[in-house]
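Have a look at the structure below before the remarks.
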Amino acid sequence: MHLSIEDTKISNKKLTLIDDNHFPFFCWDNFLPKVVYDELYNTWPSDEFYDSEIYGGKQGFQKREIKKVNKFFETHSIWKQLINLFESQEFIDDAAKFVKPLQYKYRPLVASKKWILESSDIPFYKKPFTNKVEIDWELSRYNKKNFLDPHTDRLTKYLSLLLYFPDPEWKDEYGGGTVMYKPKNKKYDKNWGNSYIPLNYMNEINSFSYKPNRMCGFVKTGNSWHGVEPIKQPEGMWRKALAINIGIPESKYLSFTNRAIESYYRRVESKKFEQINVHK
């Protein structure tokens, strides 16, 4: 089976939902050709690729686990093709084409520059007009009662995308979708430093239900509050999704300037969140 860049482009697909009243979020149904999606679903990573637990009971098979990734790709060529396409400059160009008109309102300096893969060579005279970016990805899974508290994502992210892979037996009442929120108290609206706060401080403004072959996403802003509410599926059934993130490369994030910016936001926001932040 062969995939092309046209299979992964987001700018030419029909949107199911787009909303920019609070922060930009959007989704597409039937994102991939059905035959491709079915092959990906049938070759989802087995338990041996999941040995780490992240906050809320979430487990992740991640790009940075090089040995595991190489082993998985050796026998799962469809996944290797898909990830290679998502990691290409062609995909970044297409994502930027879709996202930047939405992003200008919130992060004009990021939106005004061309996104270039971290590994690319850039002529000196073009550097002031470009942002080097990297694609990060994760194949995540949540078990029964797992959740993700409302948060806005790290400042290093520009765009987050999530492709759902529910089992055929999954029922709507199990949950598993991504929920967008607005704080009940306006003083908590801006959260550039990515504090996590309890669900009871939030009002739901929209949600993406957990459906096969649905791709949802949002632009990172100061108020891009989202999360996953406790899941109610039977024991042994997983909420599975592929996460694709475009953002500042780790090497650049570790620079003094970027660390100073994130530190500044955390100091400015720390007092209002210190009593309710669940990730102290």
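Any read-out appearing in this document is the output of simple, stated calculations on the displayed coordinates, not a laboratory observation. Everything numeric in this text was worked out from a predicted model, so none of it was measured. Note that we place each Cβ from the backbone using ideal geometry, even for glycine, and neighbour counts take in every protein chain shown.
Brief remarks on what is shown
- Look at His2, His22, His151 and count the other Cβ atoms within 10 Å of each Cβ; fewest to most, that gives His2, His22, His151.
- Estimated FRET transfer efficiency when R0 is 35 angstrom, pair Ser270-His2 (beta carbons, to 0.05): 0.10
- Residue-span extension gain [Asn185 to Lys144] - 0.36 nm each, minus C-alpha spacing: 11.7 nm
- Sequence of Tyr210, Tyr41 once ranked by neighbouring C-beta atoms within 10 Å, starting from the fewest: Tyr41, Tyr210
- Cβ-to-Cβ counts within 10 Å put Leu85, Leu139 in ascending order as Leu85, Leu139, the fewest first.
- Cβ-Cβ distance of Phe73 and Tyr104, R₀ of 30 Å, FRET efficiency by 1/(1 + (r/R0)^6): the value works out to about 0.25.
- Segment Lys171..Ser46, full-extension length gain: 42.8 nm, with 0.36 nm per residue of separation and the alpha-carbon distance subtracted.
- Sites Lys114 and Lys14 - FRET efficiency at Förster radius 30 Å, r taken between beta-carbons, to 0.05: 0.70
- Multiplying the residue separation of Ala260 and Gln89 by 0.36 nm and subtracting their alpha-carbon distance yields 58.7 nm.
- Helix-only mean residue ellipticity at 222 nm for the chain, each DSSP H run of n ≥ 4 adding -39500 (n - 2.57), per residue, nearest 500: -7500 deg cm²/dmol
- Counting only Cβ charges, +1 for Lys and Arg and -1 for Asp and Glu, the dipole size of region 153-280 around its Cα centre is about 620 debye.
- Per residue, the average separation of C-alpha pairs within less than 8 Å and at least 6 apart gives region 25-273 a relative contact order of 27 percent.
- q = 0.07, 0.09, 0.16 Å⁻¹, the chain: log10 I(q)/I(0) [Debye, one scatterer per Cα]: -0.25, -0.42, -1.47
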